[in-house]
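Trainee: Handing you this structure, nothing more for now.
The values are calculated or read from the model by the stated rules, or taken from the named source; none is laboratory data. All values derive from a computational prediction rather than experimental measurement. In this analysis, Cβ positions are derived from the backbone assuming ideal geometry, glycine residues included, and neighbour counts consider all displayed protein chains.
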Amino acid sequence: MLTVSELSKIAQTTRDAIRHYVRIGLLTPSRDPVNGYRLFSDGDINKTKFIRRAKGLGFTLSDIKIIFDHSYDGQSPCPAVRDIIRQRIDENRVRMAELNALQQRMDVALEKWKSMPDGEPDSAAICYLIESIE
């Protein structure tokens, strides 16, 4: 049996992350009857490493809970995993397009501002540079 600190070292994550996983139900440690410490099993090592891998692929903790639930119910989580990652890919493409559009606006603004003088704030303007952008 492992303590939070021991599990965090073995699984290469923080103690706070372990505690958070317990709070949201991803890990369910037992309690030491003497001192009340949370005690984790070897299975919790595997779960914690799985969580790290899944997060590295873009899965959220809510997604991981769904995956765990399928597994605990004796169902293959693989169809859900495929569906979730397809959704994340679509979301990422939208975010990347939004970021690319933002980057282009920023590049255009900076290029325009290179030739503009600094303005003084007055009752009609706060920052002439930003206000010059349509």
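Trainee: When you go through Ile67, Ile85 one by one, which is the residue that is aliphatic (A, V, I, L, M), modelled with pLDDT of 95 or more, outside the structural domain of Gly43 (by TED's automatic domain parsing) and surrounded by 10 or more Cβ atoms within 10 Å (Cβ to Cβ)? Outline the logic, then answer.
Mentor: On the way: Ile67 fails: outside the structural domain of Gly43 (by TED's automatic domain parsing).
Only one candidate qualifies: Ile85.
Trainee: While we're looking at this one, here's another question. Might you let me know whether the range 76-91 holds any residue that is of a type in the set (Ser, Thr, Tyr), in a helix (DSSP H, G or I) and out of contact with any helix residue (DSSP H, G or I) (no Cβ under 6 Å at 6 or more places or on another chain)?
Mentor: No, the range 76-91 contains no residue that is of a type in the set (Ser, Thr, Tyr), in a helix (DSSP H, G or I) and out of contact with any helix residue (DSSP H, G or I) (no Cβ under 6 Å at 6 or more places or on another chain).
Trainee: Could I ask something else about it? Just checking, which of Glu134, Glu91, Glu111, Glu120 is under 30 Å from Ile64 (Cα atoms), among the acidic types (Asp, Glu) and not assigned by TED's automatic domain parsing to the domain that holds Phe59? Reasoning before the result, please.
Mentor: Numbers: Glu134 fails: under 30 Å from Ile64 (Cα atoms); Glu111 fails: under 30 Å from Ile64 (Cα atoms); Glu120 fails: under 30 Å from Ile64 (Cα atoms).
Answer to the selection: Glu91.
Trainee: With the structure loaded, tell me whether Thr60 is β-branched (Val, Ile, Thr), assigned by TED's automatic domain parsing to the domain that holds Ala11 and within 20 Å of the chain's Cα centre (by Cα) or whether it fails that test. Quick ask: steps written out before the conclusion?
Mentor: Values: β-branched (Val, Ile, Thr): yes; assigned by TED's automatic domain parsing to the domain that holds Ala11: yes; within 20 Å of the chain's Cα centre (by Cα): yes.
Spelling it out, Thr60 is indeed β-branched (Val, Ile, Thr), assigned by TED's automatic domain parsing to the domain that holds Ala11 and within 20 Å of the chain's Cα centre (by Cα).
Trainee: Now, a different point. Name every residue in the range 18-55 that is over 16 Å from Ile67 (Cα atoms), buried (at least 17 other Cβ atoms within 10 Å of the Cβ) and under 17 Å from the mean Cα position of the chain (by Cα), in order of residue number.
Mentor: Ile18
Trainee: Counting just the residues of the range 1-17 that are part of a loop (DSSP other than H, G, I, E, B), on the phi < 0 side of the Ramachandran plot and within 17 Å of the chain's Cα centre (by Cα), which one comes out surrounded by the most Cβ atoms within 10 Å (Cβ to Cβ)?
Mentor: Here the residue is Thr13.
Trainee: Please identify the pairs in which a residue from the range 110-124 that is of a type in the set (A, V, I, L, M, F, W, C) has its Cβ atom under 6 Å from the Cβ atom of a residue that is assigned to a helix (DSSP H, G or I), counting only partners at least 6 apart or on another chain.
Mentor: Correct list of pairs: Trp113/Leu129.
Trainee: Ok, one more. Out of everything in the range 27-71 that is touching a residue at least 12 places away in the same chain (Cβ under 8 Å) and of a type in the set (Val, Ile, Thr), what residue ends up being nearest to Glu6 (Cα to Cα)?
Mentor: Ile45
Trainee: Can you name the number of the only condition in (1) under 28 Å from Ile10 (Cβ atoms); (2) assigned to a helix (DSSP H, G or I) that Gln103 fails?
Mentor: (1)
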